[in-house]
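Novice: The structure under discussion is supplied below as structure tokens; questions concerning it will follow.
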Amino acid sequence: MGALLAAGLAVYLILQGAASSTGSSSTATTRSTKARPPGPGRTAAGRTAPRGRGPKFYVVRSGDTLSKIALRTKVSVAALQELNPNLNPTSLQTGQRIKLR
């Protein structure tokens, strides 16, 4: 049963990859029209905001780590540490503001 499930998943992933590489509009349309709330660095349409126009700060959420913040904001950990020299990455506090640019 597990082998059958794995084979089915492999076929699905191959088909998904083929659809996206051929420019299938149904896959692209589904992904681009999903409603998702704007987050840090995102516009109301859900697109990533240009670097110069994005938010200047990130507000730490419960469970955040510096690595998660870096991935979410597309700002490297090294850049976050350089921009926030007094930031202790092991003791982030919910509500704390971290400078992004």
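The values are calculated or read from the model by the stated rules, or taken from the named source; none is laboratory data. Quick caveat: nothing in here was measured; it's all calculated off a predicted structure. All Cβ positions, even for glycine, are placed from backbone atoms using ideal geometry, and neighbour counts span all protein chains on display. Accessible surface areas use protein heavy atoms only, side chains included; no ligands, DNA or RNA. Shrake-Rupley method; radii C 1.70, N 1.55, O 1.52, S 1.80 Å.
Novice: Name the residues in region 84-101 that are in contact with a Phe, Trp or Tyr (Cβ under 7 Å, 6 or more places away or on another chain) and open to solvent by less than 100 Å² (accessible area, probe 1.4 Å), would you?
Specialist: Just the residues of region 84-101 that are in contact with a Phe, Trp or Tyr (Cβ under 7 Å, 6 or more places away or on another chain), to begin with: 97-100.
Within region 84-101, I98, K99, L100 meet the criteria.
Novice: Give me a count of the residues in region 62-83 that are in a loop (DSSP other than H, G, I, E, B) and either of a type in the set (S, T, Y) or buried (at least 17 other Cβ atoms within 10 Å of the Cβ) (or both). Working first, answer last.
Specialist: Going through region 62-83, the residues in a loop (DSSP other than H, G, I, E, B) turn out to be 62-65, 74-76.
Then keep just the ones that are either of a type in the set (S, T, Y) or buried (at least 17 other Cβ atoms within 10 Å of the Cβ) (or both); that gives 62, 64-65, 75-76.
Residues in region 62-83 being in a loop (DSSP other than H, G, I, E, B) and either of a type in the set (S, T, Y) or buried (at least 17 other Cβ atoms within 10 Å of the Cβ) (or both): 5 in total.
Novice: Kindly indicate whether T48 is closer than 30 Å to I14 by Cβ and either among the charged types (D, E, K, R) or at pLDDT below 95 (or both).
Specialist: On the way: closer than 30 Å to I14 by Cβ: yes; either among the charged types (D, E, K, R) or at pLDDT below 95 (or both): yes.
Yes: the conditions hold for T48.
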